[in-house]
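One structure is given below, encoded as structure tokens.
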Amino acid sequence: MGVALLAGPANVIMQLARPGVGYGVPESRVESGRIDLHPIKRARTTFSYLAVSVAGSDAQKAAFRRAVNGAHAQVYSTPDSPVQYNAFDPDLQMWVAACLYKGGVDVYRIFIGEMDDEEADRHYREGMALGTTLQVPPEMWPADRAAFDRYWQESLDKVHIDEAVREYLYPIAVSRIRGVRLPRRLQRLSESFALLITTGFLPQRFRDEMRLPWDPAKQRRFDRLMAALRAVNRLMPRFVRRFPFNLMLWDLDRRIRTGRPLV
């Protein structure tokens, strides 16, 4: 659903709240994959990954896995890195996949509604592919939703955003694009609006780590905005509601066919 794009910056913050990811992304040698330098390309890669993981063929998953692995091979810490990390670490990949799954559940709840148990279990089984498409072994994915909830709560103990990572993430939180400057008043309004949306999608623990204030008045503004967007989204044609996921697999096949980079 197109409205899922709104939750993208918050999900990036959640992923980078684990120090191994938080330093691995800004220190990455793969400049073309950095969200601060190439936000549109990074968004395309992420949504392609989501589409391929959930609905892609085995051939599409294999091609995307090879492309991502090629990029991940260049992402590892050096002796000068504040923390040690490696993009092939299944524990870090599990965390990223868990953030994507949890973000998807939150978007569904806000814009469609609560799932019944059968739908929630199906969605959870599909969510496993977010990890197993890369290096997360199937047995590492929690067995059921209750096990996932325990994993999530335990993983929050490993969440920490220091000043350097916070400084890197703040422009993402306000959807600031490098090199693009609006008139000052319009820039402030745009960033304030984006920050409300980003903070609204963040669980409280991540708001605290980012030092983003939140109160009942902000929650009411966020809820009213989401209710309005939910009403508009329901009036949209199906192909519009499914954007950009309905284009990602087509674009992936086109890139494979023409020899273009997949990530």
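The values are calculated or read from the model by the stated rules, or taken from the named source; none is laboratory data. Being a predicted model, the structure only gives us computed values, none of them experimental. Every residue, glycine as well, gets a Cβ built from its backbone with ideal geometry; the counts of neighbours run over all protein chains shown. The protein model used for the area step is the full one, side chains on, heavy atoms only, and it has no ligands, DNA or RNA in it. Shrake-Rupley method; radii C 1.70, N 1.55, O 1.52, S 1.80 Å.
In the set V107, V68, V96, V52, which member is under 18 Å from the mean Cα position of the chain (by Cα) and either over 26 Å from V165 (Cβ atoms) or free of Cβ contacts under 8 Å to residues at least 24 places away in the same chain (or both)? If you could, list the steps in order and put the result at the bottom.
Details: V107 fails: either over 26 Å from V165 (Cβ atoms) or free of Cβ contacts under 8 Å to residues at least 24 places away in the same chain (or both); V68 fails: either over 26 Å from V165 (Cβ atoms) or free of Cβ contacts under 8 Å to residues at least 24 places away in the same chain (or both); V96 fails: either over 26 Å from V165 (Cβ atoms) or free of Cβ contacts under 8 Å to residues at least 24 places away in the same chain (or both).
Checking each option against the conditions leaves just V52.
Mind listing just one residue for me: the one in region 213-255 that is among the aromatic types (F, W, Y) and part of a loop (DSSP other than H, G, I, E, B) and, of those, modelled with the lowest pLDDT? Filtering first and then ranking leaves F243.
Counting only residues that are surrounded by 15 or more Cβ atoms within 10 Å (Cβ to Cβ) and modelled with pLDDT under 95, region 191-212 holds 2 of them. In the set (1) surrounded by 13 or more Cβ atoms within 10 Å (Cβ to Cβ); (2) farther than 23 Å from G56 by Cβ; (3) among the hydroxyl-bearing types (S, T, Y), T78 fails one condition alone, (1).
The single condition among (1) surrounded by 19 or more Cβ atoms within 10 Å (Cβ to Cβ); (2) closer than 30 Å to R234 by Cα that Y108 does not meet is (1).
Of everything in region 129-181 that is open to solvent by 70 Å² or more (accessible area, probe 1.4 Å), free of Cβ contacts under 8 Å to residues at least 60 places away in the same chain and part of a loop (DSSP other than H, G, I, E, B), the residue that is nearest to P213 (Cα to Cα) is R176.
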